[in-house]
Protein chains: 2
Amino acid sequence: MSKKGTTYDDIARYTGFSKTTISRYFSKPDSVTPKNREIIAHALDVLDYQSNKLAQVLAKGHTEFIGLLIPNLYLNFFGEVLRRFLGSYEQYGYKFIVFDGNNKAEAERKYINELISYNVEGLIVLSHTLSSFELAGCGVPVVAIEREDKYISSVNTDNYSGAVMATELLAGSGCDVMLHINRSGINHDIPAAGRIDGFTDVCEERGILHEVLTYDAETDYTHLESQILGIVNTIEEKYPGKVKGIFTSSDAIANIVINELFRRKKDIPGEYRIIGFDGSPISAQAIIPFSTIAQQIDKLVGSAMELLVDQIETARDGAPPKEPEHLTIEPQLIDRATT
Amino acid sequence: MSKKGTTYDDIARYTGFSKTTISRYFSKPDSVTPKNREIIAHALDVLDYQSNKLAQVLAKGHTEFIGLLIPNLYLNFFGEVLRRFLGSYEQYGYKFIVFDGNNKAEAERKYINELISYNVEGLIVLSHTLSSFELAGCGVPVVAIEREDKYISSVNTDNYSGAVMATELLAGSGCDVMLHINRSGINHDIPAAGRIDGFTDVCEERGILHEVLTYDAETDYTHLESQILGIVNTIEEKYPGKVKGIFTSSDAIANIVINELFRRKKDIPGEYRIIGFDGSPISAQAIIPFSTIAQQIDKLVGSAMELLVDQIETARDGAPPKEPEHLTIEPQLIDRATT
């Protein structure tokens, strides 16, 4: 009955019973209460499982650990992405070591080095801190989501196509002026830049009056909110009496705009038509549930896991790494009361 | 110049350069461009760091891994808690293996067993799935936050004191009827039960008409929202014309209530006075930023880390585990426009 590699000491420590109780369990089971017998039997299962698992890892070096690097978790989108990755455990069995480097390159570099020294088998990177060139050289498979990805595999939303959908919807409803709100200084090598291009292309093609309004990189929600309220003022002053179509680069921003317009008793969707981007919970939880371009987070995460697991298995087989692969997921238009 | 344990092969693989380039770097440095010399020097630092770190772990068995078990991440509170834990890396150097077991006991048990087989040094548990008795027997130090904690160390908000603050504020402003919204079937061994007790005690002491309204455990936001809207209807029908003080067990619920009352053009804080619990971002981002009892998440997380690190160090020294310790953090009243 005693399992290999598990000692009376191990079982006593795990169950909190004395070594003599454990000894009696094996020699005179009837002298131990049924409840305690059950606890000891459970402990044996667990300890046996653990020693097998550890032996397997030590033998093969397959830790089944994946490092997950995320930026500012206070944005709904990343929380949702993280939840889906954690949920993939039941399908793939990989465990996630999660890190929020708060945009500090040195901290992120040190962290990755630590992860690799612990034989993490792959990395999923959503943070923008390190270049894909540096990440490609880190020695384990890497898959990026929605970030610069020249030298590494990636899965991205088709941001351009999402922006076209949003802009066509607003333009088709007869807006006098089209406005896009986004962060300033978006680099063209990140996928989200497609949101600006899609907006601008549709407006120019249709010859509609349009403007891109930008805010600085936000440090936190309060900072973001005060900048967006400034943009709402600008829009009010600059385009009085016109029907305004507003496409924001995130649902967090659309929510701030809608709250403020609602407080000012503005007519939505009469004078203001608004659509966000992400499909995050706030789009359904807002004072007016609003239209949005929903990223299919389940597909983004599912495809990223497939890509990474495939690369990890290639690495386990000792085969040379494959060329970086770039997958694209179509977003979906959710048409609600604000458009 | 070449560092111990690092081969030309390692450096070539890490940098993506050929072995001859690496060889030239050491024999004829001037034949390598300054940029590539810098990349190779960086790789040497990294690889040296990694081999040292791994040697240290193998020698001492100190993985500096902590397992973090959270429930449904879609609630703001847990996202915020996670962010703070991840942020403690710079102070403590511990890495977090995060798991969302989705309330499935078998999955959570299997996961903990895996973590322990990988020599995780401690666990932080926020999920309610497994009993503290079972967790206490898992063989590594455990600290709980806001959950049943009889057999393990814990850090909790003083929920009772928070509920007293909220109820005193509402009662003191002259409400005709006091209402508390909470989940049904809250067990008295979980800390959050103090929110109901604090509310009831203050109302009874002051002899104010009061009622606790409950909803079933929520599966997701939509399910929660539809239940809360039902409760809002009940309140409207049952207490017309009265000044109503509503204390909700979370900010997520207060937000749903306020959105609905705002849509119905109800007078806040004339007819309805509302205060939430948690101090999560939604309390500041809502259509009317609302009053709340803020949990001091930085202190909850800071104290939990101190407790756990202390226990980990005790375990490293081979000393017997200490008795479970239970710390309490005072919440703070944030008084905004809804009260």
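Every number here is computed from the coordinates shown, using simple stated rules; none is lab data. No experiment lies behind these values; they were computed from the predicted model shown. With ideal geometry, Cβ positions are generated from the backbone for all residues, glycine too; neighbour counts draw on all protein chains shown.
Some notes on this structure:
- Taking the longest Cα principal axis of chain A as reference, the axis of helix A:251-263 is set at about 50 degrees.
- Likely footprinting exposure, A:PHE26, A:PHE65, A:PHE247, fewest C-beta neighbours within 10 Å first: A:PHE26, A:PHE65, A:PHE247
- Within the stretch B:100-143, the trypsin sites (Lys or Arg not before Pro) that combine a DSSP coil assignment with at most 16 other C-beta atoms in a 10 angstrom radius are B:LYS104.
- Label-point spacing for B:HIS62 across the identical copies (point 7 Å from Cα in the Cβ direction), in nm and ascending order: 3.2.
- Summing charges over all other residues whose Cβ lies under 11 Å from the Cβ of A:GLY101, with Lys and Arg as +1 and Asp and Glu as -1, gives -1.
- Pairwise centroid distance, computed over Cα atoms, of the stretch B:237-315 with the stretch B:103-168, Å: 23 Å
- Label-to-label distance, nm, for residues given as A:ASP9 and B:LYS242 (7 Å Cα→Cβ offset): 6.6 nm
- Placing R0 at 60 angstrom, the Cβ-Cβ distance between A:ASP216 and A:SER27 gives a FRET efficiency of 0.25 after rounding to 0.05.
- ³J(HN,Hα), Karplus 6.51/-1.76/1.60, whole Hz, each residue of the stretch A:296-301, x for Gly, Pro: 8, 4, 4, 6, 4, 5
- log₁₀ of I(q)/I(0) at q = 0.07 Å⁻¹ - the protein assembly as shown, Debye sum with one point per alpha carbon: -0.55
- Proximal charge balance of B:GLU325 [Cβ under 12 Å; K/R count +1, D/E count -1]: -3
- Working note: Cα gyration tensor of the stretch B:114-186, eigenvalues times five, square-rooted, sorted largest first, giving semi-axes of 37, 12, 9 Å.
- Report summary: the helix-based calculation at 222 nm, which adds -39500 (n - 2.57) for every DSSP H run with n ≥ 4 and divides by the residues of chain A, gives -15000 deg cm²/dmol.
- Legend: ranking of residues A:PHE277, A:PHE290, A:PHE78 from fewest to most surrounding C-beta atoms inside 10 Å; resulting order A:PHE78, A:PHE290, A:PHE277.
- Taking other residues whose beta carbon is less than 13 angstrom from the beta carbon of A:ASP251, and scoring Lys, Arg as +1 and Asp, Glu as -1, yields 0.
- Degrees separating the helix A:76-87 axis from the principal Cα axis of chain A, which is the longest one: 30 degrees
- Label distances, nm, A:SER161 versus same residue in remaining copies, Cβ-directed 7 Å point: 5.5
- Across A:LYS244/B:LYS265; A:LYS265/B:LYS244; B:LYS299/B:LYS322; A:LYS28/A:LYS95, pairs whose alpha-carbon gap is larger than 29 Å: A:LYS28/A:LYS95
- Isotropically averaged projected area of chain B, using the convex hull of Cα atoms (one quarter of hull area), nm²: 22.2 nm²
- Look at the Cα gyration tensor of the stretch A:159-294: its axes a ≥ b ≥ c give a/c under 1.5, and that counts as rounded.
- Theoretical FRET efficiency, 1/(1+(r/R0)^6), r = Cβ-Cβ of A:PHE133 and A:GLN332, R0 30 Å, to 0.05: 0.35
- Remark on A:GLY279: its backbone amide H falls under 5 Å from those of A:ASP251, A:ILE293, A:GLN295, a criterion applied only to residues 5 or more positions apart or on other chains, H modelled at 1.01 Å from N.
- Rounded tilt (10° steps) of B:221-238 against the dominant C-alpha axis of chain B: 20 degrees
- Label geometry 7 Å along the beta-carbon vector: B:TYR92 inter-copy distances in nm: 2.7
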